[in-house]
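Engineer: Quick one: the structure is below, and I'll ask about it shortly.
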Amino acid sequence: MCQLPKEEQGFSLLELTIVLGLASLLIAIGAGVNQHLLEEAEVKQFKKQFEQDLLFLQQYNQFDHSAKLYLEKDRYEIYSARDEKNILVHPIPDNIRIRTYTHAGNFSFSKYGSIHLAGSFLMDTPNGTEMLIFPLGKARGYYEEEI
């Protein structure tokens, strides 16, 4: 068998420390990038779900004219006064804050699909502020970025 000299039998402690330090640095950088991407995906998914729930409320009001959307600090709910129960309740993520601007304090649609009172939702997210606007008499809202 071929014997290696003592000097070439392995890595020194200094070499191992440098390699482990570089590896942990690369992992830390990658984790920071992934966290930002996860927050972006969560905001995008929440906005999509919120839009779908508003469309659901619009369609639901075609046969139940008493359904309204109510915002709480940590959730929003669609409530039916006719059935006296919540139809759906969804949580609002911690990094998103929603404010509503209507005269009634709630959001509802007519049986024809148009909004009862013009208003908007202001969404504060880590990526900025966006406004979901529902003009009076219109059935669909649209997003505008706040400047």
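Engineer: Report the gain in length on full extension from L122 to Q35: 0.36 nm times residue separation, minus Cα-Cα distance, nm rounded to one decimal.
Structural biologist: Numbers: separation 87, 0.36 × 87 = 31.32 nm, distance 2.42 nm.
Full extension from L122 to Q35 adds 28.9 nm.
Engineer: Okay, next question. Heavy-atom accessible area per residue, the chain, 1.4 Å probe: how many Å²?
Structural biologist: Result: 70 Å² of accessible area for each residue.
Engineer: Taking 0.36 nm per intervening residue step and subtracting the Cα-Cα distance, what contour gain separates K85 from Y143 on full extension? Please list the in-between numbers first.
Structural biologist: Working: separation 58, 0.36 × 58 = 20.88 nm, distance 2.98 nm.
Going from the current span to full extension adds 17.9 nm.
Engineer: Using the Cα centre as the reference, give the magnitude of the dipole from point charges on the C-beta atoms of the stretch 1-118 (Lys, Arg: +1; Asp, Glu: -1; all else neutral), rounded to the nearest 20 debye.
Structural biologist: Numbers: 12 positive and 15 negative charges, 127 e Å.
So the magnitude is around 600 debye.
Engineer: With just the Cα atoms defining each centre, how far is the stretch 50-88 from the stretch 22-39? Give it in Å.
Structural biologist: 39
Engineer: Still on this model: Consider the candidate values (i) 1.05; (ii) 1.40; (iii) 0.96; state which one is Rg/Rh (Cα atoms, Kirkwood Rh) computed from the structure displayed.
Structural biologist: Recomputing Rg/Rh (Cα atoms, Kirkwood Rh) here gives the entry labelled (ii).
Engineer: Could you work out the relative contact order of the chain? I mean the mean sequence separation of Cα pairs under 8 Å and 6+ apart, divided by the number of residues, in percent.
Structural biologist: Averaging sequence separation for qualifying contacts and normalising by length gives 15 percent for the chain.
Engineer: Sticking with this structure for a sec: Using the structure shown, list the pairs from K44/K73; K73/K111; K44/K111 with a Cα-Cα distance above 23 Å, or answer none.
Structural biologist: Result: K73/K111; K44/K111 exceed 23 Å.
Engineer: Place the peptides 37-43, 54-60, 83-89, 27-33 in order of packing, highest mean first, counting for every residue the other Cβ atoms within 10 Å and averaging per peptide.
Structural biologist: 54-60, 37-43, 83-89, 27-33
Engineer: Additional query: Taking the Cα centre of the stretch 46-108 as origin, work out the dipole magnitude from +1 charges on Lys and Arg Cβ and -1 charges on Asp and Glu Cβ, in debye rounded to 20.
Structural biologist: Charge dipole, the stretch 46-108, about its Cα centre: 200 debye, nearest 20.
Engineer: Taking square-rooted eigenvalues a ≥ b ≥ c of the alpha carbon gyration tensor, is the stretch 47-96 rounded, prolate or oblate, where a/c under 1.5 means rounded and, failing that, a/b exceeding b/c means prolate?
Structural biologist: Note, shape of the stretch 47-96 comes out oblate.
Engineer: Computed FRET efficiency, Cβ-Cβ of D74 and I27, R0 30 Å: what is it to the nearest 0.05?
Structural biologist: E(calc), rounded to 0.05, equals 0.35.
Engineer: Which angle from 0 to 90°, rounded to the nearest 10, does the C-alpha axis of helix 13-60 make with the longest principal axis of the chain?
Structural biologist: Helix 13-60 sits at roughly 10 degrees to that axis.
The values are calculated or read from the model by the stated rules, or taken from the named source; none is laboratory data. Worth saying up front: this structure is predicted, and the values here are computed from it rather than measured. A quick note on method: Cβ atoms are made from the backbone with ideal geometry, for glycine too, and the neighbour counts reach across all protein chains shown. Only protein heavy atoms, including side chains, enter the accessible area calculation; ligands, DNA and RNA are left aside. Shrake-Rupley method; radii C 1.70, N 1.55, O 1.52, S 1.80 Å.
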